[in-house]
Amino acid sequence: MKRYLTGIKPTGIPHIGNYFGAIKPAIEFSNSADNEAYYFIADYHALTSLQTGKELVDYTYELASTWLACGLDPNKVVFYKQSDVPETFELNWILCNVTPKGLMNRAHAYKAIVEKNAEAGVTADEGINMGLYNYPILMAADILLVDSDYVPVGLDQKQHIEIARDIAHNFNIKYGNILKSPMEHIEKEVATLEGLDGRKMSKSYGNIIPLFCDEKTLQKTINRIVTDSSLPTDPKPLDCTINKLYKLFATEEEIKAFEKRLSSGIGWGDAKKALFEVMNRFITPMREKYNYYMSHRSEVDEILRAGAEKARRVARKTLDRVRKAIGCK
């Protein structure tokens with residue numbers, strides 16, 4: 001059995017694109033008896049972008065409640081909050097001392113901001129704090145601390161795992177074979193959902209459909225989907241945004257019937273109503289669980305604490321090896 005680690009950053013209200021692109025596949029993956037899955041809420045990583053403590057608290061509960069409502073079973077995975085595993089931050093400092101500055105200079109996120117600053121005509125380090133600069137080292141600490149075998153990532157995140165592997169290699173050269181070198185597990189191309197305006201669904205575009213908004217808000221949001229000016233009697237294209245979303249929530253029989261209505265001619269208002277009905281039916285049971293967890297935060301705390309204790313059992317062993325190797329045991 002191989003150990004897989006996934007970190008989820010709490011940076012906003014989850015939407016249906018997050019569900020189909022990340023949450024659903026990850027939960028299905030965790031249900032396999034062949035995988036040992038560690039899923040953590042990367043709340044300290046979120047400090048690079050969040051502005052207030054209240055934001056971090058709210059987003060953390062929203063994220064944890066979302067994953068639990070969507071079917072994450074804390075008995076099948078180790079589900080915890082990064083800040084509840086203090087060993088992470090001790091290892092982070094230790095790793096800083098075997099990480100060349102040049103390695104951080106090559107990190108994609110840092111380079112992208114430097115290039116953007118150059119285009120804007122400001123100093124290279126404008127707006128860059130040490131949290132952002134050292135971000136890959138903290139990520140390496142997350143990965144190496146629990147002896148991860150694989151870290152599922154998209155192709156654009158591969159560099160983070162390469163950096164973690166380089167850091168482990170540097171440590172092991174100096175102190176012996178102490179840290180396990182992780183490998184990236186390149187995920188298949190994740191599902192990309194169209195948003196209200198036809199572009200990729202993204203908070204940055206303001207075109208999302210929130211996963212757990214109330215029914216009235218869901219209906220209003222669906223009504224904002226951009227459509228063409230065709231008449232109700234005109235055939236509608238089957239590749240329209242409404243049909244693409246409809247197929248995610250409906251049965252095969254419903255999809256066939258709906259596509260027949262589209263081809264025969266249907267008003268966009270009726271099409272949006274049909275989408276709302278299947279989407280709301282699908283989401284309602286999860287929404288009820290989500291609302292339950294959001295109103296019973298102490299239960300979420302207990303689940304995360306229990307997961308953190310499981311993670312810490314592994315983390316303590318790793319840190320004991322590391323401390324002994326560096327002469328601090």
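The values are calculated or read from the model by the stated rules, or taken from the named source; none is laboratory data. Predicted model, so just to flag it, every value in this text is computed and none were measured. Ideal geometry is used to build each Cβ from the backbone, glycine not excepted, and the neighbour counts take in all protein chains shown. Only protein heavy atoms, including side chains, enter the accessible area calculation; ligands, DNA and RNA are left aside. Shrake-Rupley method; radii C 1.70, N 1.55, O 1.52, S 1.80 Å.
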**Message:** Please give me, ordered by residue number, the trypsin sites (Lys or Arg not before Pro) of segment 173-265 that lie in loop per DSSP and have at most 15 other Cβ atoms within 10 Å.
**Reply:** Lys188, Arg199, Arg224
**Asked** Taking segment 38-197, how many lysine pairs are there with alpha carbons less than 21 Å apart, if each pair must be eight or more places apart or span two chains?
**Response** 8
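Loop-only check: which GluC sites (Glu not before Pro) in segment 101-140 are DSSP coil with at most 15 other Cβ within 10 angstrom?
Sparse-neighbourhood loop GluC sites (Glu not before Pro): Glu126.
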**Complete:** Zone reached by a paramagnetic label modelled 7 Å from Glu215 Cα along Cα→Cβ, restricted to segment 53-71 with backbone N below 17 Å, covers none
**Estimated dipole of segment 138-223 in Debye, rounded to 20 [Cβ of Lys and Arg +1, of Asp and Glu -1, Cα centre]** = 160
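So for Cys96, Cys70, what's the accessible-area order with a 1.4 Å probe, most first?
Result of the area sort, largest leading: Cys96, Cys70.
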**Asked** Which percent, nearest 5, of DSSP beta bridges in the chain are antiparallel?
**Response** 10
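Apply 1/(1 + (r/R0)^6) to the Cβ-Cβ distance of Lys256 and Cys96, taking R0 = 56 Å, and write down the FRET efficiency to the nearest 0.05.
With R0 = 56 Å, the Cβ-Cβ based efficiency is 0.45.
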**Message:** Can you give me the accessible area per residue for segment 4-157, using a 1.4 Å probe, in Å²?
**Reply:** 43
**Message:** Given Cβ point charges of +1 (Lys, Arg) and -1 (Asp, Glu) and nothing else, what value in debye, to the nearest 20, does the dipole of the chain about its Cα centre take?
**Reply:** 620
**Message:** I want to verify a result. In a Gaussian network model of the chain, Cα cutoff 10 Å, which of these has the top mean-square fluctuation: Leu304, Leu50, Leu145?
**Reply:** Leu50
**Prompt:** Which entry in (i) 78, 51, 35; (ii) 69, 46, 43; (iii) 57, 39, 35 matches Cα extents along the principal axes in Å derived from the coordinates of this structure?
**Reply:** (i)
**Request:** Please give the helix 297-326 orientation as an angle from the longest Cα principal axis of the chain, in degrees from 0 to 90, rounded to the nearest 10.
**Result:** 30
**Message:** At q = 0.18 Å⁻¹, what log₁₀ I(q)/I(0) does segment 1-132 have when each alpha carbon counts as one equal point scatterer in the Debye sum?
**Reply:** -1.14
**Request:** Collect residues whose amide H, placed 1.01 Å from N in the peptide plane, falls under 5 Å from the amide H of Lys9; neighbours closer than 5 in sequence don't count.
**Result:** Ala42
**Request:** Could you pull out every residue, at least 5 positions away or on a different chain, whose amide H is within less than 5 Å of the one on Ala37? Hs are placed 1.01 Å off N in the peptide plane, and Pro or chain starts have none.
**Result:** Tyr4, Val78
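Compute the signed sum of charges (Lys and Arg +1, Asp and Glu -1) over the other residues within less than 13 Å, Cβ to Cβ, of Lys247. List each step's numbers first, then the result.
Details: positive: Lys244, Lys256; negative: Glu194, Asp239, Glu252, Glu253, Glu254, Glu259.
Value of the local net charge: -4.
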**Prompt:** What 222 nm value per residue comes from the helices of the chain, counting each DSSP H run with n ≥ 4 as -39,500 (n - 2.57) and dividing by all residues, nearest 500 deg cm²/dmol?
**Reply:** -17000 deg cm²/dmol
